[in-house]
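Here is the structure we will look at.
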Amino acid sequence: MSAIPRRALVVIDVQNEYVTGDLPIEYPDVRTSLANIGRAMDAARAAGVPVVVVQNFAPASSPLFARGSAGAELHPVVASRERDHYVEKSLPSAFAQTGLADWLAARGIDTLTVAGYMTHNCDASTVFEATHRGLKVEFLADATGSVPYENDAGFASAEDIHRVFSVVMQSRFAAVATTDAWLAAVEAGVPLPVSNIYVSNQKARATQAAA
């Protein structure tokens, strides 16, 4: 039987910039993800799971997340709720130059649950680094979200980016789940299932062959 996970919920960059600012989350619907972030924080508090709130800042001259701007402020869904630890960062990963790893280690945390924004940037960076640091990771796919991009490499919709990153994380780096599934796992004291590269690839090849 698997040991009961010693979880911490890390709520990344739930700031106004993504809701009413100039970098609006498009998929999943930001109203859905905000509601699920609130639910996850409330459930964590009730279950004794520590909550870490992460906030990103850029220089005052930046077009996004400028220190002192309304866009850089925490969204009320997060700002109105209690937290156990606060992390300020300026790089994508919540671990980069923040001391988060030491805080988690001091509390015996072995499983990091990631919510917040954006799936493909700060979430993914944090998930990958947590895995490399030996932590198990959970990713709440309906309490996160993406924006569309277009650059010299091409165009990708918010839905495409969120879906692809979620599939990649589930293949090796994190147990990707809905908030409801996570709430049930927390209540039961059990881990969430994650796949692996071999199984993920075999299933994809079988799907392609059957098409």
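The values are calculated or read from the model by the stated rules, or taken from the named source; none is laboratory data. Here the structure is a predicted model, which is why all the values come from computation and not from measurement. All Cβ positions, glycine included, derive from the backbone under ideal geometry; neighbour counts span all protein chains shown.
Name the residue that is surrounded by the fewest Cβ atoms within 10 Å (Cβ to Cβ), counting only residues in the range 85-118 that are part of a helix (DSSP H, G or I) and touching a residue at least 40 places away in the same chain (Cβ under 8 Å). Break it down stepwise before answering.
Step one: list which residues in the range 85-118 are part of a helix (DSSP H, G or I), which gives 100-106.
With touching a residue at least 40 places away in the same chain (Cβ under 8 Å) added as a condition, the list becomes 100, 103-104.
Details: Leu100: 25, Trp103: 16, Leu104: 23.
Filtering the range 85-118 for residues that are part of a helix (DSSP H, G or I) and touching a residue at least 40 places away in the same chain (Cβ under 8 Å), the one surrounded by the fewest Cβ atoms within 10 Å (Cβ to Cβ) comes out as Trp103.
For the range 1-40, which residues satisfy the criterion of being closer than 24 Å to Trp103 by Cβ and of a type in the set (S, T, N, Q)?
Once the filter is applied, which keeps residues that are closer than 24 Å to Trp103 by Cβ and of a type in the set (S, T, N, Q), the range 1-40 yields only Gln15.
Return the pair list, or none, for Cβ contacts closer than 9 Å from residues in the range 200-211 that are within 18 Å of Phe173 (Cβ to Cβ) and assigned to a helix (DSSP H, G or I) to residues that are of a type in the set (Lys, Arg) and at pLDDT 95 or above, at least 6 apart or on different chains.
Sorted first by the residue in the range 200-211, then by its partner, the pairs are Ser200/Arg172.
Output the residues belonging to the range 1-43 that are farther than 19 Å from Lys136 by Cα and among the β-branched types (Val, Ile, Thr).
Scanning the range 1-43 gives Val14, Val19, Thr20, Ile25, Val30, Thr32, Ile37.
Confirm whether Ala79 is without any contact (Cβ under 8 Å) to a residue 24 or more places away in the chain, more than 22 Å from Phe173 (Cα to Cα) and hydrophobic (A, V, I, L, M, F, W, C).
Working: without any contact (Cβ under 8 Å) to a residue 24 or more places away in the chain: yes; more than 22 Å from Phe173 (Cα to Cα): yes; hydrophobic (A, V, I, L, M, F, W, C): yes.
Criteria met by Ala79.
So, Glu82, is that one in a loop (DSSP other than H, G, I, E, B) and within 29 Å of Ala184 (Cβ to Cβ) or not?
Values: in a loop (DSSP other than H, G, I, E, B): yes; within 29 Å of Ala184 (Cβ to Cβ): yes.
So Glu82 fits the description; yes.
Of all the residues that make up the range 138-169, how many are surrounded by 14 or more Cβ atoms within 10 Å (Cβ to Cβ), of a type in the set (Gly, Ala, Ser) and not in a helix (DSSP H, G or I)?
Within the range 138-169, residues that are surrounded by 14 or more Cβ atoms within 10 Å (Cβ to Cβ), of a type in the set (Gly, Ala, Ser) and not in a helix (DSSP H, G or I) number 6.
Given the structure, is Ser80 of a type in the set (Ser, Thr, Tyr) and surrounded by 18 or more Cβ atoms within 10 Å (Cβ to Cβ)? Give the steps one after another, and end with the answer.
Details: of a type in the set (Ser, Thr, Tyr): yes; surrounded by 18 or more Cβ atoms within 10 Å (Cβ to Cβ): no.
Against the criterion (of a type in the set (Ser, Thr, Tyr) and surrounded by 18 or more Cβ atoms within 10 Å (Cβ to Cβ)), Ser80 does not qualify.
Please enumerate the residues belonging to the range 170-184 that are in contact (Cβ under 8 Å) with a residue 12 or more places away in the chain, over 22 Å from Tyr18 (Cα atoms) and part of a helix (DSSP H, G or I).
Listed by number, the residues that qualify are Gln170, Ser171, Arg172, Phe173, Trp182, Leu183.
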